[in-house]
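The structure under discussion appears below in the form of structure tokens.
Taken together, the values in this text are just the output of simple stated rules run on the coordinates, not laboratory data. Remember, it's a predicted structure, so these values are computed and weren't measured experimentally. Note that each Cβ is placed from the backbone with ideal geometry, even for glycine, and that neighbours are counted across all protein chains shown.
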Amino acid sequence: MFDSLKDKLGSFRKDVEETTEEKAEAEAEAEAEAAAEAEAEPETEANASDAADAEAAESAASDDAADSTASSGGGFAAKAKSFAKGEIVIEEQDLEDPLWELEMALLESDVEMNVAQEILDNIREDLVGATRSFSSETADVVEQALADSLLKVISVGQFDFDQRIAEADKPVTIIFTGVNGVGKTTTIAKLSKYLKDRGYSTVMANGDTYRAGANEQIQEHADNLDTKLISHEQGGDPAAVIYDAVEYADSHDVDVVLGDTAGRLHTNEGLMDQLEKIGRVVGPDMTLFVDEAVAGQDAVQRAKQFNEAAEIDGAVLTKADADSQGGAAISIAHVTGKPILFLGVGQGYDDVEKFEPEELVGRLLGDEE
Amino acid sequence: MVLDDLGSSLRDSLGKLSGQTRVTEEDVEEIVKEIQRSLLQSDVEVSLVMDLSDSIKERALEEEPPGGTSARDHVLSIVYEEMVDLVGDSTDIPLEEQTILLAGLQGSGKTTTAAKMAWWFSKKGLRPAVVQTDTFRPGAYDQAKEMAERAEVDFYGDPDADDPVQIARDGLEATSDADVHIVDTAGRHALEDDLIAEIEEIERAVDPDRNLLVLDAAIGQGAKEQARQFDDSIGIEGVVVTKLDGTAKGGGALTAVNETDSSIAFLGTGETVQDVERFEPSGFISRLLGMGDLKQLTERVERAMEETGTEDDDWDPEDMLKGEFTLNDMRKQMQAMNNMGPLDQVMDMIPGMGGGLMDELPDDAMDVTQDRMRSFEVIMDSMTDAELENPRAIGASQVERIARGSGQDEERVRELLEQHKMMSQTLKQFQGMGQGNMERMMKKMQNQGGGGGGGGMGGMGPFGD
């Protein structure tokens with residue numbers, strides 16, 4: 001997950017670094033020339049590279065006020081000041097190409113287009129006008145901006161799942177929602193194991209009364225994990241099934257109720273209403289939205305609409321082992337404002353990982369090129 | 001639908017070109033940017049998008065528009081050609097004996113697709129059988145079995161066996177009476193080496209005539225890698241795009257098609273076994289560029305009419321064209337419309353109604369129309385048979401009673417009566433046309449300016465052809 005994004009982030013850093021490095025050199029050169037020979041002025045102007053052009057003219061201007069034909073504009077004072085301090089200013093045009101590259105990299109990683117735009121805007125805002133001294137590394141400045149802006153979108157209201165389970169009144173009811181085939185049932189089985197490993201008893205409730213084979217599927221998981229399963233006939237009322245499971249948990253001192261729901265497309269109004277009803281009837285302590293890490297631009301649409309139908313507390317991303325680009329994680333967290341809690345990374349019951357945004361950003365920006 | 005946003009944004013930018021005879025570099029730049037944006041938002045792979053837009057740009061700037069062609073038509077035709085080039089033909093599926101192997105990621109919809117395809121073949125007069133080899137996912141056998149029952153096709157699976165290759169072999173033998181064998185496999189992804197090896201073995205055992213890759217319409221950039229891996233190991237002859245009834249654009253399918261040098265075979269558009277369509281490139285591109293898709297529409301209409309008709313033998317759509325148009329007829333029509341699928345999808349296939357006109361309607365126009373149709377149904381449920389047969393005789397006191405009975409306001413009831421009047425008038429105009437074909441009807445509707453947007457159903461009368 002995120003492998004290609006990581007490469008691209010590295011090259012973005014390098015690109016900006018190089019651009020500013022060139023700029024710094026050109027400036028230093030221009031300064032030297034200007035200082036050495038006042039007559040050589042026009043030549044300096046003509047020869048210096050684009051980025052250095054304005055600065056060269058400015059340095060000339062400070063030598064000879066009569067000659068100040070440069071298009072210095074409003075930023076002149078700031079530029080002159082930082083120039084005097086031996087600093088350079090990162091300008092918008094320095095970033096244009098690297099930012100375009102970065103945008104493509106984000107899109108290639110399945111980050112939704114509007115979310116990608118926002119990340120870019122954040123970075124642009126952070127970097128444009130940022131000064132760096134000749135001695136300090138541009139890379140640091142850029143890295144900070146990247147880390148900030150990524151964290152800002154990924155890390156939204158992260159909470160400690162374990163702690164929340166520990167502190168909640170038992171039984172804790174967790175409902176899983178999502179479109180068809182993303183892996184809700186498998187995720188429930190994995191989390192059942194996860195919770196068991198931490199000393200909690202669980203009961204599964206099969207709220208998928210629609211799909212053929214749904215009962216058999218979850219029953220087998222329940223058997224394998226030695227967990228109680230509450231299910232009704234196919235075609236039954238999903239809210240009733242989950243309600244029964246909560247009753248069961250109450251009377252049998254079970255800690256956690258894991259409620260499955262039928263996969264549904266967010267465009268199916270009837271089913272989305274049903275989801276709302278489950279939320280109303282059962283009053284879950286936590287609703288987790290399950291989506292697959294291989295999802296593309298549409299991840300945002302569905303996350304948004306599921307969140308609207310039955311407000312979610314967090315998300316689980318499955319199939320993260322499928323060499324996915326992982327951008328869905330960024331997009332979903334960003335549009336719902338709810339954290340990604342777990343990643344599904346395989347077909348075994350233990351193949352579930354906690355999602356740590358800081359760790360992820362750290363890994364993305366880690367030095368490895 | 002696949003890439004439906006591209007259609008509208010393209011029309012927007014191309015609209016700016018109308019009247020011009022030459023395209024400037026800036027024009028092309030802008031159009032290409034629009035195309036890139038839409039394609040990327042549709043999950044088409046980034047480098048593929050760049051290739052496509054580069055060649056459109058190059059050709060638009062370099063090729064001289066043929067004499068007499070406007071700049072707009074010139075660019076449009078280039079876009080059309082490039083898109084057709086990319087999408088290719090629909091995968092050739094001959095109606096003969098064959099074995100088809102389905103492959104794809106977990107949860108992409110292989111089992112549902114297997115049943116849908118089987119249903120499709122059975123409607124074409126062949127005898128299909130589904131062979132389920134997924135021994136890994138709990139419940140896979142039961143799901144496949146039930147889906148096959150719903151599709152009313154032969155089925156083979158063995159819930160107690162654990163060797164998919166053996167099941168595949170046994171399955172082909174057990175269902176040797178069938179003409180078409182569809183072999184379903186367990187979901188797997190490109191990085192699961194042992195599972196990839198397994199599907200290679202299944203492939204060798206069943207020796208399929210074609211391998212189809214089943215892809216979720218929502219898949220992102222990963223489609224490329226997945227498609228390549230499956231193509232490398234078993235060879236992919238076609239792609240099935242599933243879950244197109246969501247909001248996903250299915251651009252991943254284009255990526256996969258490009259990567260495997262294959263084409264799109266089927267589209268999955270819903271949860272029941274009937275929700276399957278053959279992919280029609282010409283219709284797809286035409287629809288994309290706002291030209292409507294008559295063929296799909298006709299097929300849908302026929303199917304919907306058939307379904308509606310079988311529920312009630314007394315009702316013959318042709319009667320509408322002869323005698324009095326009653327509320328009962330109107331209700332049938334509404335049911336038929338429902339059977340055709342979401343209204344906006346249907347509208348989009350109608351020349352002159354899809355594309356440009358649809359863009360002008362507010363986004364929720366279709367929802368509103370659908371809501372209206374639903375409340376009309378409720379109202380009609382509260383009417384007596386006599387009222388349904390002779391709506392003109394409904395007076396104010398009856399309106400009040402019907403409104404109270406149906407829980408709708410009187411305004412709505414009057415709206416329904418108004419709508420009925422309008423439809424029956426429209427229908428009268430068509431009655432003169434006799435057994436005119438769909439296309440002629442469509443032309444007429446187009447000339448009438450699309451039959452009046454929001455009301456929508458006004459122009460829908462002639463579907464009973």
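The calculated FRET efficiency for A:D197 paired with A:E22, based on their beta-carbon distance and R0 = 56 Å, is about 0.55. Spacing of the modelled spin labels on B:V84 and B:F136, each 7 Å from Cα toward Cβ, amounts to 4.1 nm.
If you count, for every residue in B:95-107, the Cβ atoms of partner chains within 10 Å of its Cβ, what is the mean?
Working: counts 0, 0, 0, 0, 0, 0, 0, 0, 0, 1, 6, 11, 13.
For this peptide, the per-residue mean of nearby foreign Cβ atoms is 2.
Measuring against 22 Å, Cα to Cα, the residue pairs A:K152/A:K354; A:K277/B:K332; A:K6/A:K152 contain A:K277/B:K332 as the ones spanning a longer distance.
Can you put A:H252, A:H334 in order, fewest other beta carbons within 10 Å first?
Values: A:H252 11, A:H334 22.
Listing A:H252, A:H334 from fewest to most nearby Cβ atoms yields A:H252, A:H334.
For A:F289, the amide hydrogen comes within under 5 Å of the amide hydrogens of A:T177, A:D313, A:G314, A:A315, A:V316, counting only partners 5 or more places away or on other chains and with H modelled in the peptide plane.
Translational diffusion coefficient of region A:161-355 at 20 °C, 1.002 mPa s, Stokes-Einstein with Kirkwood Rh over Cα pairs, in µm²/s as a whole number. Mind dumping the intermediate values first?
Numbers: Rh = 16.3 Å.
Here the translational diffusion coefficient equals 131 µm²/s.
Distance between the modelled labels on B:T272 and B:D162, one decimal in nanometres: 4.0 nm (7 Å Cα→Cβ projection). Backbone phi angles across region B:377-383, fed through the Karplus curve with coefficients 6.51, -1.76 and 1.60 (θ = phi - 60°), yield HN-Hα couplings of 4, 4, 4, 5, 5, 8, 9 Hz in residue order; Gly and Pro are listed as x. Residue separation of A:Q163 and A:E276 scaled by 0.36 nm, minus their Cα-Cα distance, works out to 38.0 nm of gained length.
Take each residue of peptide A:315-322, count the partner chain Cβ atoms within 10 Å of its Cβ, and average: the result is 3. Computed 3J(HN,Hα) for region B:106-117, one whole-Hz value per residue from the Karplus formula 6.51 cos²θ - 1.76 cosθ + 1.60 where θ = phi - 60°, is 4, x, 7, x, 5, 5, 4, 4, 4, 5, 5, 5, glycine and proline marked x. Remark: the Cα gyration tensor places region B:44-148 in the prolate category, a/c being 1.5 or greater and a/b exceeding b/c. Couplings 3J(HN,Hα) of region B:224-241, computed from phi: 4, 4, 4, 4, 5, 4, 5, 5, 4, 7, 10, x, 10, 9, x, 10, 10, 9 Hz, in residue order, whole Hz [Karplus 6.51 cos²θ - 1.76 cosθ + 1.60, θ = phi - 60°; x for Gly and Pro]. Neighbour counts of other Cβ atoms within 10 Å put B:T260, B:T242, A:T287 in the fewest-to-most order B:T260, A:T287, B:T242.
With +1 assigned to the C-beta of every Lys and Arg and -1 to the C-beta of every Asp and Glu, and no other charges, what is the dipole magnitude of region A:228-339 about the Cα centre in debye, to the nearest 20?
360
A straight line joining the Cα centroids of region B:92-154 and region A:175-201 runs 28 Å.
Using a Förster radius of 35 Å, what is the FRET efficiency between B:R150 and A:R363 based on their Cβ-Cβ separation? Nearest 0.05, please.
Working: r = 46 Å, r/R0 = 1.31.
The computed FRET efficiency comes out at 0.15.
Model label points for A:D250 and A:M113, set 7 angstrom from Cα along the Cα-to-Cβ axis, are 5.0 nm apart.
Figure the gain on full extension for B:K123 and B:Q425 (residue separation times 0.36 nm, minus the Cα-Cα span) and round it to one decimal in nm. Walk me through the numbers on the way to the answer.
On the way: separation 302, 0.36 × 302 = 108.72 nm, distance 3.67 nm.
Answer, rounded to one decimal: 105.1 nm.
Students often check this: by mean Cβ neighbours within 10 Å, which of A:199-209, B:414-424 ranks highest, and how do the rest follow? Each step should come with its number before you reach the end.
Working: A:199-209: 23.3, B:414-424: 18.1.
Ranked from most to least packed, the peptides come out as A:199-209, B:414-424.
Applying a threshold of 32 Å to the alpha-carbon distances of B:K33/B:K243; A:K184/B:K116; A:K304/B:K123; A:K190/B:K110 flags A:K304/B:K123 as lying beyond it.
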